[in-house]
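Q: This is the structure I have questions about; it appears just below.
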Amino acid sequence: MMDYATSSLEVMMGTCMLINCKTARCILLLTLAFAWAQPVAAQQFSLYGTGTLWDSFENPSQKAFELDISRQFASNFLFLNSGANANFSGPGKAAVKNSILYENGLSYTPLDVDSRQFNRFNVSTNNYLLMFRLLKTVKYQRELGFSWQTRAETQGILHNQALIIFKTRTDSSLNGVMQYLDRKGKDQLSTTDIEAQSYHQIGFTYKEQYNKRFSYGVKLSYLSGIAQNSLKVSSAELIPGTNTFNVDGDLKSSYNYHDIDRGYITPGFKNPGMSLSLSGNFKLKNGVYVLTNLKDIGFIRWSKNSYRNNESIDINPLGDSNDQLDYIQNSLVKQHYTTLINGKAEALVNKEIGFFKPSLLISKSLFNHSGDIVLINSYNYKALNLSVSGAYNLNEYYQFGAQVMLKSPNVEFFIGSDNILQSYTSTVLLTQNEESRKENFNEGIAGAAAYIGFALKFGRIVSHPQNENYIPGINHRMPGTGILHKLFGNRD
């Protein structure tokens, strides 16, 4: 199972967790697969409040056009505004880093099986394939938009006991099952809770400037599920005199890995869903700007051909993987189910002070533990915008980010990372040989993030009525430019 799953990226999360003797490596490879199987935008903190096309779709009350200087239409022209963010935190971080760096796995023996800390990981990707937006009316500055994006969300929590029990077979140190039996603390296997899902999101946005200080926006999206896997363990007990655990929980998968084909990745109506984003921003008299979002509140209804097992099964982590895979596959029954997507509540406060704009962003996931508190400092000089950010995630890790943006009224390009130091370290370590990696192991991989984007405005320049130089019916079509004239010339 492991050899198949890690090579195809179409991994059954729950089955991998239950039956594979290289579980720690599986989890990390799985999360990285969800992140980098697609083109490399996750949070992209520094883009909030920038007035970019990406900003206007993620925060629907944000305007993408400036009257008198912007052209009427904006699009990314299929240039991917895209990125990824992956992080792992907890006492098992070093063990998991090692499992990626070395093919022969690692020893989990040093892990404290009585620790009260838990290992958490999350990966998110948000890839805009197509964005198109137009300024519909000058009055109230109404904007309409259409977007097609693909997203992936992976998050999980597990205790050290799960890492040592499902350890790699090649580890010659103390057997993980024996280490589990020698523990003094309570059983923490039931804390295992892992979910991964990916989907298409086809969205329509509407934005209106209600008055000079307040604007609001709405984004309504149709969701088309690609894949979903989850495992939630409610109890796991070792059967006396054996290496076998009786595991009780809920395992879900939207597909059987034998049935995977290209049809799974194209949008359709097999796994339908809906989501809604509500956004508003307000500018106070003292120049303070406030943005609030209820973002991506929605669900996906996975088809009746999905699979589920919510009954107890017996798992031998030291047994033959293929036999146990067949056993688990046979225990699954076809059943539809519904999952929530990663909705968020957000608030942004900033103020422009000349060329400097400091911002505070708070973003909290509504249905899991994740959340971010971010300080952003932006510096503008003509078309150049430089930003640095510091973020604390509720999964107990810090990130330092940086962004470079070139933005004129009608062209924008940006590249950046919310986790620039660890992203650089990860890149360096993965390109070194094994001896160099061992020397620099303490600098190892705890996370990575990257994003990039481009958009261009076109059409006529939209202006206030008193500045308008376009009059419909007069300069809409100049003499001699009609299609009949082009075909037949002037009529006598």
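The values are calculated or read from the model by the stated rules, or taken from the named source; none is laboratory data. Source: prediction; values computed, not measured. Cβ: placed from backbone, ideal geometry, glycine included. Neighbour counts: every protein chain shown. SASA here: full protein model, heavy atoms, side chains in, ligands and nucleic acids out. Shrake-Rupley method; radii C 1.70, N 1.55, O 1.52, S 1.80 Å.
Q: Just check segment 280-393 against the gyration tensor rule for me: Cα atoms, a ≥ b ≥ c as the square roots of the eigenvalues, rounded for a/c under 1.5, and otherwise prolate or oblate depending on whether a/b exceeds b/c.
A: prolate
Q: Excluding residues fewer than 8 places away in the same chain, name every one of the lysines whose C-alpha is closer than 16 Å to that of Lys93.
A: Excluding near neighbours in sequence, the set is Lys22, Lys167, Lys438.
Q: Also: With r defined as the distance between the Cβ atoms of Ser408 and Lys212 and R0 fixed at 30 Å, what FRET efficiency is calculated, to the nearest 0.05?
A: On the way: r = 25 Å, r/R0 = 0.83.
According to the calculation, E is roughly 0.75.
Q: Roughly what would the spin-label model give for Asn322 and Lys184, points 7 Å off Cα along C-beta, in nm?
A: 4.4 nm
Q: Would you tell me the accessible area of Tyr392, worked out with a 1.4 angstrom probe on the heavy atoms of the protein chains, in Å² to the nearest 10?
A: 70 Å²
Q: Also: What lysines does Lys304 reach when the alpha-carbon gap must be under 20 Å and sequence neighbours fewer than 8 apart in one chain are set aside?
A: Within the straight-line limit of under 20 Å, Lys304 reaches these lysines: Lys252, Lys270, Lys334.
Q: Moving to a separate point now. If you take every residue apart from Pro358 with its C-beta less than 14 Å away from the C-beta of Pro358, what net charge results, scoring Lys and Arg +1 and Asp and Glu -1?
A: Neighbour charge sum, excluding Pro358 itself: +1.
Q: On to the next question. I'd like the accessible area for Lys136, computed on protein heavy atoms only with a 1.4 Å probe and all protein chains in place. Round to 10 Å², please.
A: Ignoring ligands and nucleic acids, Lys136 comes out at about 130 Å².
Q: Could I ask something else about it? To make sure I understand the rule: partners must be lysines, Cα under 20 Å from the Cα of Lys207, and not fewer than 8 residues away in the same chain. Which ones qualify?
A: Straight-line reach from Lys207, under 20 Å: Lys63, Lys136, Lys139, Lys219, Lys283, Lys295, Lys344, Lys457.
Q: Using θ = phi - 60° and the Karplus curve 6.51 cos²θ - 1.76 cosθ + 1.60, what whole-Hz ³J(HN,Hα) does each residue of segment 138-145 get, with Gly and Pro shown as x?
A: 6, 5, 6, 6, 6, 10, 10, x
Q: If each residue of separation counts as 0.36 nm, what is the full-extension length gain between Leu384 and Phe356 once their alpha-carbon separation is subtracted?
A: 8.9 nm
Q: Among the GluC sites (Glu not before Pro) within segment 334-399, which fall in a DSSP loop and have no more than 15 other Cβ atoms within 10 Å of their own Cβ?
A: Glu352, Glu396
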